[in-house]
Amino acid sequence: MSKIINHSEDLSGLSRFVSCTITNLFGGFWLISFVMDSLYFLLASSVVIWYFRASTGGLYHLGTIAFGAFIIGLVRFARVMLGYLHAKLKAEGAENSELAKFVLRGCSVCLACFERFIRFVNHHAYIHCALTSEGFISSAREGFFLTMRNPLRFSLIGGLGELFIFLGKLFICLVPSLVGALLLYKSDWYKTQVENPVFPIVAIALECYVIGAIFMTVWATANEAIMHCFCVDEEIHKDKGGPKHCPERLANFVKREKA
(Lines give C-alpha, C1' and ligand atoms only; values in the text may rest on other atoms or scores of the structure.)
Protein backbone atom coordinates (compact mmCIF):
# COMPACT_ATOMS: atom_id res chain seq x y z
CA MET A 1 0.00 0.00 0.00
CA SER A 2 2.82 2.39 0.88
CA LYS A 3 4.51 1.64 -2.46
CA ILE A 4 1.32 2.59 -4.30
CA ILE A 5 1.07 5.86 -2.36
CA ASN A 6 4.73 6.70 -3.01
CA HIS A 7 4.29 5.91 -6.70
CA SER A 8 1.25 8.18 -6.95
CA GLU A 9 3.14 10.94 -5.13
CA ASP A 10 6.02 10.58 -7.58
CA LEU A 11 3.63 10.86 -10.52
CA SER A 12 1.98 13.88 -8.94
CA GLY A 13 5.37 15.54 -8.40
CA LEU A 14 6.41 14.77 -11.97
CA SER A 15 3.15 16.18 -13.28
CA ARG A 16 3.66 19.40 -11.33
CA PHE A 17 7.25 19.66 -12.58
CA VAL A 18 6.16 19.22 -16.20
CA SER A 19 3.35 21.75 -15.78
CA CYS A 20 5.71 24.30 -14.22
CA THR A 21 8.30 23.73 -16.95
CA ILE A 22 5.76 24.20 -19.72
CA THR A 23 4.28 27.29 -18.05
CA ASN A 24 7.69 28.88 -17.49
CA LEU A 25 8.82 28.07 -21.02
CA PHE A 26 5.75 29.62 -22.60
CA GLY A 27 5.89 32.55 -20.20
CA GLY A 28 9.52 33.14 -21.15
CA PHE A 29 8.67 33.20 -24.85
CA TRP A 30 5.77 35.55 -24.20
CA LEU A 31 7.89 37.89 -22.06
CA ILE A 32 10.73 38.04 -24.61
CA SER A 33 8.26 38.71 -27.42
CA PHE A 34 6.55 41.38 -25.32
CA VAL A 35 9.82 43.21 -24.65
CA MET A 36 10.89 43.05 -28.30
CA ASP A 37 7.47 44.13 -29.57
CA SER A 38 7.38 47.00 -27.05
CA LEU A 39 10.67 48.28 -28.43
CA TYR A 40 9.34 47.94 -31.97
CA PHE A 41 6.18 49.85 -31.02
CA LEU A 42 8.20 52.64 -29.45
CA LEU A 43 10.32 52.98 -32.59
CA ALA A 44 7.23 52.89 -34.80
CA SER A 45 5.54 55.53 -32.64
CA SER A 46 8.62 57.74 -32.93
CA VAL A 47 8.47 57.49 -36.73
CA VAL A 48 4.75 58.31 -36.72
CA ILE A 49 5.38 61.38 -34.56
CA TRP A 50 8.22 62.48 -36.85
CA TYR A 51 6.26 61.87 -40.07
CA PHE A 52 2.93 63.43 -39.11
CA ARG A 53 4.30 65.90 -36.51
CA ALA A 54 1.66 64.69 -34.08
CA SER A 55 1.62 62.69 -30.86
CA THR A 56 0.31 59.13 -30.64
CA GLY A 57 -1.55 57.17 -27.99
CA GLY A 58 1.38 54.82 -27.50
CA LEU A 59 1.12 54.71 -23.70
CA TYR A 60 -2.35 53.16 -23.87
CA HIS A 61 -1.62 50.13 -26.03
CA LEU A 62 0.21 47.66 -23.79
CA GLY A 63 -2.72 45.27 -24.27
CA THR A 64 -2.26 45.41 -28.04
CA ILE A 65 1.43 44.61 -27.68
CA ALA A 66 0.73 41.84 -25.16
CA PHE A 67 -1.80 40.21 -27.49
CA GLY A 68 0.57 40.27 -30.46
CA ALA A 69 3.41 38.95 -28.30
CA PHE A 70 1.11 36.18 -27.03
CA ILE A 71 0.56 34.91 -30.58
CA ILE A 72 4.30 34.95 -31.35
CA GLY A 73 5.07 33.24 -28.03
CA LEU A 74 2.48 30.57 -28.78
CA VAL A 75 3.96 29.82 -32.20
CA ARG A 76 7.51 29.65 -30.82
CA PHE A 77 6.34 27.39 -28.02
CA ALA A 78 4.74 25.09 -30.61
CA ARG A 79 8.03 24.99 -32.52
CA VAL A 80 9.91 23.99 -29.37
CA MET A 81 7.37 21.26 -28.62
CA LEU A 82 7.72 20.00 -32.17
CA GLY A 83 11.50 19.90 -31.73
CA TYR A 84 11.05 17.99 -28.47
CA LEU A 85 8.78 15.49 -30.22
CA HIS A 86 11.36 15.09 -32.98
CA ALA A 87 14.10 14.39 -30.42
CA LYS A 88 11.83 11.94 -28.60
CA LEU A 89 11.06 10.00 -31.77
CA LYS A 90 14.73 9.98 -32.68
CA ALA A 91 15.66 8.54 -29.28
CA GLU A 92 13.05 5.82 -29.65
CA GLY A 93 14.15 4.96 -33.18
CA ALA A 94 10.91 6.06 -34.79
CA GLU A 95 12.73 8.64 -36.94
CA ASN A 96 13.53 5.92 -39.47
CA SER A 97 9.92 6.10 -40.65
CA GLU A 98 9.74 8.15 -43.82
CA LEU A 99 6.19 9.22 -42.99
CA ALA A 100 7.25 10.55 -39.56
CA LYS A 101 10.15 12.47 -41.12
CA PHE A 102 7.87 13.99 -43.75
CA VAL A 103 5.21 15.05 -41.24
CA LEU A 104 7.71 16.53 -38.75
CA ARG A 105 9.65 18.45 -41.39
CA GLY A 106 6.45 19.67 -43.01
CA CYS A 107 5.07 20.88 -39.68
CA SER A 108 8.39 22.55 -38.84
CA VAL A 109 8.46 24.45 -42.14
CA CYS A 110 4.81 25.46 -41.82
CA LEU A 111 5.35 26.77 -38.28
CA ALA A 112 8.47 28.70 -39.33
CA CYS A 113 6.58 30.32 -42.23
CA PHE A 114 3.59 31.02 -40.00
CA GLU A 115 5.84 32.72 -37.42
CA ARG A 116 7.33 34.95 -40.12
CA PHE A 117 3.84 35.82 -41.35
CA ILE A 118 2.57 36.62 -37.85
CA ARG A 119 5.64 38.77 -37.16
CA PHE A 120 5.01 40.67 -40.41
CA VAL A 121 1.34 41.22 -39.51
CA ASN A 122 2.24 42.23 -35.96
CA HIS A 123 4.74 44.84 -37.12
CA HIS A 124 2.26 46.56 -39.39
CA ALA A 125 -0.44 46.23 -36.73
CA TYR A 126 1.78 48.10 -34.26
CA ILE A 127 2.54 50.83 -36.80
CA HIS A 128 -1.14 51.24 -37.66
CA CYS A 129 -2.04 51.19 -33.97
CA ALA A 130 0.44 54.03 -33.39
CA LEU A 131 -1.24 55.90 -36.25
CA THR A 132 -4.90 55.39 -35.40
CA SER A 133 -4.95 54.21 -31.74
CA GLU A 134 -7.18 51.30 -32.76
CA GLY A 135 -7.05 47.84 -31.16
CA PHE A 136 -4.89 44.95 -32.31
CA ILE A 137 -7.43 43.14 -34.51
CA SER A 138 -8.53 46.19 -36.48
CA SER A 139 -4.95 47.50 -36.73
CA ALA A 140 -3.71 44.13 -37.96
CA ARG A 141 -6.49 43.96 -40.55
CA GLU A 142 -5.94 47.49 -41.84
CA GLY A 143 -2.15 47.16 -41.80
CA PHE A 144 -2.25 43.86 -43.68
CA PHE A 145 -4.61 45.14 -46.38
CA LEU A 146 -2.50 48.28 -46.72
CA THR A 147 0.50 46.12 -47.63
CA MET A 148 -1.67 44.11 -50.04
CA ARG A 149 -2.67 47.35 -51.79
CA ASN A 150 1.00 48.32 -52.15
CA PRO A 151 2.79 45.02 -52.72
CA LEU A 152 5.56 46.38 -54.95
CA ARG A 153 6.58 49.11 -52.53
CA PHE A 154 6.72 46.89 -49.49
CA SER A 155 8.46 44.13 -51.44
CA LEU A 156 11.06 46.62 -52.61
CA ILE A 157 11.52 47.97 -49.09
CA GLY A 158 11.75 44.45 -47.69
CA GLY A 159 14.22 43.20 -50.29
CA LEU A 160 16.48 46.24 -50.20
CA GLY A 161 16.14 46.34 -46.43
CA GLU A 162 17.44 42.79 -46.04
CA LEU A 163 20.35 43.57 -48.34
CA PHE A 164 21.29 46.75 -46.49
CA ILE A 165 20.90 45.03 -43.11
CA PHE A 166 23.33 42.32 -44.20
CA LEU A 167 25.81 44.83 -45.62
CA GLY A 168 25.50 47.05 -42.55
CA LYS A 169 26.14 44.18 -40.14
CA LEU A 170 29.06 43.02 -42.26
CA PHE A 171 30.61 46.50 -42.40
CA ILE A 172 30.14 47.23 -38.70
CA CYS A 173 31.57 43.83 -37.79
CA LEU A 174 34.49 43.63 -40.22
CA VAL A 175 35.97 47.13 -40.09
CA PRO A 176 36.63 47.28 -36.31
CA SER A 177 37.81 43.66 -36.39
CA LEU A 178 40.33 44.45 -39.14
CA VAL A 179 41.52 47.54 -37.29
CA GLY A 180 41.90 45.52 -34.11
CA ALA A 181 43.76 42.78 -35.94
CA LEU A 182 46.19 45.31 -37.45
CA LEU A 183 46.84 46.84 -34.04
CA LEU A 184 47.36 43.48 -32.37
CA TYR A 185 49.67 42.11 -35.06
CA LYS A 186 51.56 45.25 -36.06
CA SER A 187 51.91 47.22 -32.83
CA ASP A 188 55.06 46.36 -30.85
CA TRP A 189 53.35 47.17 -27.56
CA TYR A 190 50.45 44.77 -28.19
CA LYS A 191 52.89 42.07 -29.31
CA THR A 192 54.52 42.14 -25.89
CA GLN A 193 51.25 42.40 -23.93
CA VAL A 194 49.04 39.91 -25.80
CA GLU A 195 50.21 36.34 -26.26
CA ASN A 196 47.39 35.15 -28.52
CA PRO A 197 45.56 37.89 -30.50
CA VAL A 198 42.91 35.53 -31.86
CA PHE A 199 40.65 35.71 -28.81
CA PRO A 200 40.62 39.54 -28.61
CA ILE A 201 39.82 39.72 -32.33
CA VAL A 202 36.95 37.24 -31.92
CA ALA A 203 35.64 39.26 -28.95
CA ILE A 204 35.79 42.47 -30.98
CA ALA A 205 33.96 40.80 -33.87
CA LEU A 206 31.20 39.47 -31.61
CA GLU A 207 30.68 42.79 -29.84
CA CYS A 208 30.60 44.68 -33.13
CA TYR A 209 28.15 42.18 -34.59
CA VAL A 210 25.76 42.73 -31.66
CA ILE A 211 26.08 46.51 -32.04
CA GLY A 212 25.55 46.25 -35.80
CA ALA A 213 22.50 44.02 -35.35
CA ILE A 214 20.92 46.49 -32.92
CA PHE A 215 21.67 49.50 -35.11
CA MET A 216 20.42 47.87 -38.33
CA THR A 217 17.27 46.64 -36.57
CA VAL A 218 16.45 50.24 -35.65
CA TRP A 219 17.13 51.27 -39.25
CA ALA A 220 14.90 48.51 -40.66
CA THR A 221 12.07 49.37 -38.27
CA ALA A 222 12.21 53.04 -39.22
CA ASN A 223 12.34 52.12 -42.90
CA GLU A 224 9.24 49.93 -42.65
CA ALA A 225 7.32 52.45 -40.55
CA ILE A 226 8.10 55.35 -42.90
CA MET A 227 6.77 53.44 -45.90
CA HIS A 228 3.65 52.49 -43.95
CA CYS A 229 3.08 56.13 -42.99
CA PHE A 230 3.62 57.26 -46.56
CA CYS A 231 1.05 54.82 -47.94
CA VAL A 232 -1.51 55.90 -45.35
CA ASP A 233 -0.75 59.58 -46.07
CA GLU A 234 -1.13 58.96 -49.80
CA GLU A 235 -4.49 57.20 -49.43
CA ILE A 236 -5.88 59.89 -47.10
CA HIS A 237 -4.91 62.73 -49.42
CA LYS A 238 -5.26 60.99 -52.79
CA ASP A 239 -7.95 63.50 -53.86
CA LYS A 240 -5.93 66.48 -52.61
CA GLY A 241 -2.78 66.23 -54.69
CA GLY A 242 -1.03 63.34 -53.02
CA PRO A 243 0.72 62.88 -49.66
CA LYS A 244 0.59 65.97 -47.49
CA HIS A 245 3.24 65.12 -44.86
CA CYS A 246 5.75 63.28 -47.06
CA PRO A 247 9.42 64.35 -46.72
CA GLU A 248 10.86 65.78 -49.92
CA ARG A 249 13.46 63.04 -50.44
CA LEU A 250 10.88 60.28 -50.08
CA ALA A 251 8.52 62.08 -52.44
CA ASN A 252 11.28 62.36 -55.07
CA PHE A 253 12.11 58.66 -54.63
CA VAL A 254 8.47 57.66 -55.18
CA LYS A 255 8.24 59.91 -58.25
CA ARG A 256 11.28 58.19 -59.76
CA GLU A 257 9.72 54.82 -58.95
CA LYS A 258 6.50 55.74 -60.75
CA ALA A 259 8.44 57.10 -63.71
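Overview of values
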| item | result |
| --- | --- |
| Gaussian network model of the chain, Cα within-10 Å springs - most flexible of Glu92, Glu234, Glu134 | Glu92 |
| Calculated FRET value between Phe164 and Gln193, using beta carbons and R₀ = 22 Å, to 0.05 | 0.05 |
| Pairwise Lys count, the chain - Cα closer than 21 Å, eight or more residues apart or different chains | 8 |
| Mean shadow area of the chain, taken as a quarter of the surface of its Cα convex hull (nm²) | 24.5 nm² |
| Most fluctuating residue given options Asp239, Asp37, Asp188, as computed from a GNM of the chain linking Cα atoms under 10 Å | Asp188 |
| Rounded to whole Hz, the Karplus (6.51, -1.76, 1.60) HN-Hα couplings of the stretch 68-83, x for glycine and proline | x, 5, 4, 5, 4, x, 5, 5, 5, 5, 4, 5, 5, 5, 5, x |
| Ordering of 38-50, 139-151, 117-129 by packing [mean C-beta count within 10 Å, highest first] | 117-129, 38-50, 139-151 |
| Calculated diffusion of the stretch 83-186, Stokes-Einstein form, Kirkwood radius summed over Cα pairs, 25 °C and 0.890 mPa s, µm²/s | 136 µm²/s |
| Within the accessible area of the chain (1.4 Å probe), percent carbon and sulfur | 69 percent |
| Dipole of the chain, positive direction: furthest Cα of Phe136, Ala125, Asn150, with charges on the beta-carbon | Asn150 |
| Cα-based Rg and Dmax for the stretch 156-259, where Dmax is the largest Cα-Cα distance (Å) | 21.4, 72 |
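The values are calculated or read from the model by the stated rules, or taken from the named source; none is laboratory data. Everything numeric here is computed off the predicted structure, so don't read it as measured data. Virtual Cβ from ideal backbone geometry, glycine too; neighbours counted across all protein chains shown. Side chains are part of the model used for accessible areas, which takes the heavy atoms of the whole protein and leaves out ligands, DNA and RNA. Shrake-Rupley method; radii C 1.70, N 1.55, O 1.52, S 1.80 Å.
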